[in-house]
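First comes the structure, then the notes that go with it.
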Amino acid sequence: TTAEQLAVALSDLGDRSLHLASKLKNPSSSCAVDVSTVWWESAGCTELCILTACETSVSLWKPLASSQWRKAYTWHLAEIPVIQIVPLPDVCNLVCVALGELEIGEIRLLLCSSEDGSLKQSLMRTGNIKAVLGLTNRRLVSSSGALQDQQIEIISVLEAGRSKERQSLMPPEETILAFAEVEGIRDALVGTTAMNNLVIWNLKTGQILKKMHVGYSYPASICHRAYSDSGLLFVVLSHPHAKENESCGNPAFRVRAFNPRTARSTGVMFFSLPPGHSGRYLEGEVKGGSAAAVLTSGTIAVWDLFLGQCTALLPPNTDGKWSLVRWSVTDSCLLAGQKDGSVYMYHYS
Amino acid sequence: CSESDLGPISLNWFEELSTEALP
């Protein structure tokens, strides 16, 4: 299949489009669970590498000439299945993964020894982990347990893959489903809960500053991105369990504005499929001004959060439906994965 | 969204809520 046949650019949707850059086929993998990118430095050269995860291993792919990729390292994790890769935003030569059966039971760091080049693993946290997020400045936040027994912990990560210090955050009496750093406020973190509240923490003191209800029309909201502007807290949310609404269909993402002083909020924008297309949100990721989601139809949809519209659609190709979508470290590349382990990289421009 | 919907807005909400949350 040629690149031209696979590249789908629906230019009538907006000014931006997706162009196929390369394809990785992992011959040993038939159980792709996640894909991500990481900066990797070796011999004085830092490159953007692709990470692919199947249930029993995580592989790092280095770029070659002419859009080809070479599998450079594979960490084997045979005892507990890999559930997801946890991107650490400003970290080089370090991979964070979450492992478990139905829910996350372990968080591990994967690295390559600078002394002898051997592949290493370092256990960071164990427990019934409900939510985990890599934060800026080499930190990792995770919540374990539920309700009154919930523990929320920030771990600072050293280059050698060890934890430097651990700090606890005050737990809300509700299970946390997802975290997001607040852009524009260095020490602020938000999380969405199973009771559909948005919680704001001060990362320095660990205290909960506010708990605000997201709204009864939006069950089990997942926060993807948060930013503070003009005294309001804007949060990009997805609602995997939302019921379809006659007026706006079933949006994949919404932006809601919260006033943290009064705990009142209002809907700002929603991001639905263009007319004539259908499919519910399955999973997705937001980076910068771009949001991408895999839909039940096996199509990937991309939205521009500033334009407020869907800018590209990537229908299933001849190899099958899409099951994973991730933005690269730089939001100009989109990684699209299929169940058989195939990963396609698209330029989004 | 207007201020009347959301109530009085403060540009320093994070600092104010952090001070109020101190024991």
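Taking A:Gly308, is it farther than 30 Å from A:Asp340 by Cβ, more than 17 Å from the chain's Cα centre (by Cα) and more than 14 Å from chain B (Cβ to nearest Cβ)? So A:Gly308 fits the description; yes.
Which residue is farthest from A:Leu209 (Cα to Cα), if the candidates are limited to the stretch A:259-284 and must be β-branched (Val, Ile, Thr) and touching a strand residue (DSSP E or B) at 6+ places or on another chain (Cβ under 7 Å)?
Going through the stretch A:259-284, the residues β-branched (Val, Ile, Thr) turn out to be A:262, A:266, A:268.
Right, trim to touching a strand residue (DSSP E or B) at 6+ places or on another chain (Cβ under 7 Å) and you get A:266, A:268.
Numbers: A:Thr266: 20, A:Val268: 23 Å.
The selected residue is A:Val268.
Of all residues in the stretch A:315-330, which are more than 11 Å from the chain's Cα centre (by Cα) and in a strand (DSSP E or B)? Steps first, please.
Within the stretch A:315-330, the first condition is being more than 11 Å from the chain's Cα centre (by Cα), and the residues that meet it are A:315-323, A:330.
Answer for the stretch A:315-330, where residues must be more than 11 Å from the chain's Cα centre (by Cα) and in a strand (DSSP E or B): A:Asn317, A:Gly320.
Of all the residues in the stretch A:170-186, those that are in a loop (DSSP other than H, G, I, E, B), within 14 Å of another protein chain (Cβ to nearest Cβ) and touching a Ser or Thr at 6+ places or on another chain (Cβ under 7 Å) number 3. Of the set (1) assigned to a strand (DSSP E or B); (2) more than 14 Å from chain B (Cβ to nearest Cβ); (3) touching a Phe, Trp or Tyr at 6+ places or on another chain (Cβ under 8 Å); (4) not basic (Lys, Arg), all apply to A:Leu189 but (2).
Would a scan of the stretch A:45-53 turn up a residue that is over 22 Å from A:Asp340 (Cβ atoms), free of Cβ contacts under 8 Å to residues at least 60 places away in the same chain and part of a loop (DSSP other than H, G, I, E, B)? Looking through the stretch A:45-53, none of the residues is over 22 Å from A:Asp340 (Cβ atoms), free of Cβ contacts under 8 Å to residues at least 60 places away in the same chain and part of a loop (DSSP other than H, G, I, E, B).
Is it true that some residue in the stretch A:240-259 is farther than 19 Å from A:Leu295 by Cα, surrounded by fewer than 18 Cβ atoms within 10 Å (Cβ to Cβ) and facing chain B (nearest Cβ under 8 Å)? There is no residue in the stretch A:240-259 that is farther than 19 Å from A:Leu295 by Cα, surrounded by fewer than 18 Cβ atoms within 10 Å (Cβ to Cβ) and facing chain B (nearest Cβ under 8 Å). Residue count for the stretch A:260-277 under the criterion of being within 14 Å of another protein chain (Cβ to nearest Cβ) and either at pLDDT below 85 or buried (at least 21 other Cβ atoms within 10 Å of the Cβ) (or both): the result is 2.
Give me a count of the residues in the stretch A:192-228 that are more than 13 Å from chain B (Cβ to nearest Cβ), of a type outside the set (A, V, I, L, M) and in contact with a Phe, Trp or Tyr (Cβ under 8 Å, 6 or more places away or on another chain). Going through the stretch A:192-228 one residue at a time, the tally reaches 3.
The values are calculated or read from the model by the stated rules, or taken from the named source; none is laboratory data. Being a predicted model, the structure only gives us computed values, none of them experimental. Ideal geometry is used to build each Cβ from the backbone, glycine not excepted, and the neighbour counts take in all protein chains shown.
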